[in-house]
Amino acid sequence: MYSRQEASQIRQQFYTRLGQYMAPILSASGERQNWLNYKTGIRHIYIRMDTPNRGASIGFTLAHPDRAIRLEQFEKFSQVKALLQSAAEVLPEPVELNWTWERETFNETGQVISRIYEALPGKSVLNQNDWPDLISFFKPRLITLDQFWNDVKFQFET
């Protein structure tokens, strides 16, 4: 069992390693990307990676405080669902993607959000032996989300 501080340091080491691994990869628009702090350019729409003590997830989080606007954004994502699946076609190696769509759920602070994500159960960021699996999970999904977002972000600009 790790103390909170030790767990935080291990997570920081993991994300540093992931950032170094992703740094040479250009975004779908051909520019350098800060993959760990991905800016969608649309307020309240985020690409989030999460690594609790057990498991991992990555995807879009829609956190607009106005329920009607958040659900409208979720509906826009639903309308381009096929593009999310086809965005993976740019990957050099095929990866099976199974996105989970949650119209309404809660984040860790109790805020109601919408999510479109994929999870990897059974791996732990606190176990360095799991890091290759976690990096192999995050990398193609980050690239896919970036490609998809590059194709559809104009639909979310107001």
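Structure values in brief
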item: Residue match in the stretch 12-22 (condition: more than 13 Å from the chain's Cα centre (by Cα) and exposed (fewer than 11 other Cβ atoms within 10 Å of the Cβ)); result: yes
item: Search result, residues across the stretch 109-145 that are acidic (Asp, Glu) and closer than 19 Å to Asn98 by Cβ; result: Glu118, Asp133
item: Ala28 vs. criteria open to solvent by less than 20 Å² (accessible area, probe 1.4 Å), under 18 Å from Glu157 (Cβ atoms) and among the small types (Gly, Ala, Ser); result: no
item: Failed criterion for His44 (all others in (1) of a type outside the set (A, V, I, L, M, F, W, C); (2) at positive phi; (3) touching a residue at least 60 places away in the same chain (Cβ under 8 Å) hold); result: (3)
item: Failed condition for Tyr46, given (1) in a strand (DSSP E or B); (2) open to solvent by less than 60 Å² (accessible area, probe 1.4 Å); result: (2)
item: Those strands (runs of 3 or more DSSP E) lying entirely in the stretch 52-158 with at least 1 residues aliphatic (A, V, I, L, M), without any contact (Cβ under 8 Å) to a residue 40 or more places away in the chain and surrounded by 13 or more Cβ atoms within 10 Å (Cβ to Cβ); result: none
item: Residue under evaluation Ala82, criteria (1) aliphatic (A, V, I, L, M); (2) touching a Leu at 6+ places or on another chain (Cβ under 7 Å); (3) closer than 22 Å to Arg103 by Cα, criterion not met; result: (2)
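The values are calculated or read from the model by the stated rules, or taken from the named source; none is laboratory data. Note that the structure is a prediction, hence the values are computed from the model and not measured. A quick note on method: Cβ atoms are made from the backbone with ideal geometry, for glycine too, and the neighbour counts reach across all protein chains shown. Calculation scope for accessible area: heavy atoms of the full protein, side chains included, ligands and nucleic acids excluded. Shrake-Rupley method; radii C 1.70, N 1.55, O 1.52, S 1.80 Å.
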